[in-house]
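Reviewing the structure listed below.
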Amino acid sequence: MKILILGGSAEARELAERLAPRFDVTTSLAGRVRNPAVPAGAVRIGGFGGEVGLRKWLLDNNIDAVIDATHPFAATITENAAAACDRLGIPHLILRRPPWPAGDAIVVSTAAEAKDAVVAQGFSRVFLTSGRSSIGAFLFSDAWFLIRVVEPMSADELPERHHLLLSRGPYTLGDETELMRQYEIEVLVTKNSGGSMTSAKLEAAAALGIPVVMIDRPALPENVSTVSTVDEAQQWVTERDTAEA
């Protein structure tokens, strides 16, 4: 079997490592991170050119199955992959780690709504961990921001009052607690990414009594097969390989 993994997540890397010894695996990365963790098997970097471009690539490379293990907020490629595989009749699976329980968080649908929630509550010191694509919503805020991202950003992409922290998880509860204390954080803004690599910030916020504004995940395409663990994704591949044999 020739398998395309739409990657960029820890689950995608683990799945590629498991499948590469037995199958012809290619992992596609968006290319937004300059020094990504490289998965096992073949790797391609960059976009496909929309759903039409993805369809062409799948046909040109004789792909037998597609596993979408992208970040839960990578909605565009997820929609394109579902549409392309449906049109071509290629088996398609979405691997998504479970979301975090919202608990007492203020749940919103967009970064703009997150900014409105921060303003409405009058918070002045914000820990912004919702990714670089959401920072633009906060550009003209009067608050001060601790902004944690993986890659450097230019001044015109950032709010006027901020401290930029370049870092990549995983993070510990002790470190996250100390960070929020050090910068006197009043509210945590995060996407509901799920997983254990960055969940310590939620535990730290709860321990310190810091409110959380959580951006909810975009809806998945309809009528697609989904699993929540690498084990289940591996089993899905094995079952299809057995059926073809």
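Summary of computed values
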| read-out | value |
| --- | --- |
| Cα centroid separation, the stretch 1-57 to the stretch 180-199 (Å) | 28 Å |
| Using θ = phi - 60° and Karplus 6.51 cos²θ - 1.76 cosθ + 1.60, couplings along the stretch 59-73 (whole Hz; Gly, Pro as x) | 5, 4, 9, 6, 6, 9, 7, 10, 10, 8, 10, 6, 4, x, 9 |
| Qualifying lysines (Cα of each under 26 Å from Cα of residue 2; at least 8 residues distant if same chain) | 56 |
| For the stretch 151-245, the fraction of alpha-carbon pairs in successive 5 Å shells from zero, as % | 2, 10, 14, 16, 16, 12, 9, 8, 6, 4, 2, 1, 0 |
| Charge dipole magnitude, Cβ of K and R +1, D and E -1 - the stretch 35-101, Cα centre, debye nearest 20 | 120 debye |
| Cubic angstrom per residue, convex hull over Cα atoms of the chain | 129 Å³ |
| Cα-based helix-to-principal-axis angle, 75-88 vs the chain, degrees rounded to 10 | 10 degrees |
| Residue of 95, 158, 59 that the Gaussian network model of the chain assigns the largest fluctuation, springs spanning Cα pairs under 10 Å | 59 |
| Anisotropy class of the stretch 106-215 from Cα gyration tensor, a/c 1.5 cut | rounded |
| Estimated FRET transfer efficiency when R0 is 22 angstrom, pair residue 167-residue 125 (beta carbons, to 0.05) | 0.75 |
| Placed amide H near residue 6: partners under 5 Å, 5+ positions off or other chain | 28, 67, 68, 69 |
| Long-range amide H partners of residue 45 with built H, under 5 Å | 29 |
| Residues whose placed amide H lies under 5 Å from that of residue 92, excluding near-sequence neighbours | 66 |
| The stretch 106-215: relative contact order in percent, alpha carbon pairs under 8 Å with at least 6 residues between | 33 percent |
| Average accessible surface area per residue within the stretch 55-143, 1.4 Å rolling probe, Å² | 47 Å² |
| HN-Hα J in Hz across the stretch 117-131 - Karplus 6.51, -1.76, 1.60, θ = phi - 60°, x for Gly and Pro | 5, 4, 5, 4, 8, x, 6, 10, 10, 10, 9, 9, 10, 9, x |
| Potential extension, residue 42-residue 151 segment - 0.36 nm per residue separation minus Cα distance | 36.8 nm |
| Under the Karplus curve 6.51 cos²θ - 1.76 cosθ + 1.60, θ = phi - 60°, whole-Hz ³J(HN,Hα) for the stretch 13-21, x wherever Gly or Pro sits | 5, 5, 5, 4, 4, 6, 8, 4, x |
| The stretch 74-156 shape via C-alpha gyration tensor axes, a/c threshold 1.5 | prolate |
| Charge context of residue 49, other residues only, Cβ under 14 angstrom, K/R +1, D/E -1 | +1 |
| Dipole magnitude (debye, nearest 20) for the chain, charges at Cβ of Lys, Arg, Asp, Glu | 440 debye |
| Value at 222 nm in deg cm²/dmol, rounded to 500, when DSSP H runs of n ≥ 4 in the chain each add -39,500 (n - 2.57) | -10000 deg cm²/dmol |
| Of all accessible heavy-atom area on the chain, the percent that carbon and sulfur account for (1.4 Å) | 49 percent |
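The values are calculated or read from the model by the stated rules, or taken from the named source; none is laboratory data. The model shown is predicted, which means the values in this text are computed figures rather than measured ones. All Cβ positions, glycine included, derive from the backbone under ideal geometry; neighbour counts span all protein chains shown. For accessibility, only protein heavy atoms count, side chains too; no ligands or nucleic acids. Shrake-Rupley method; radii C 1.70, N 1.55, O 1.52, S 1.80 Å.
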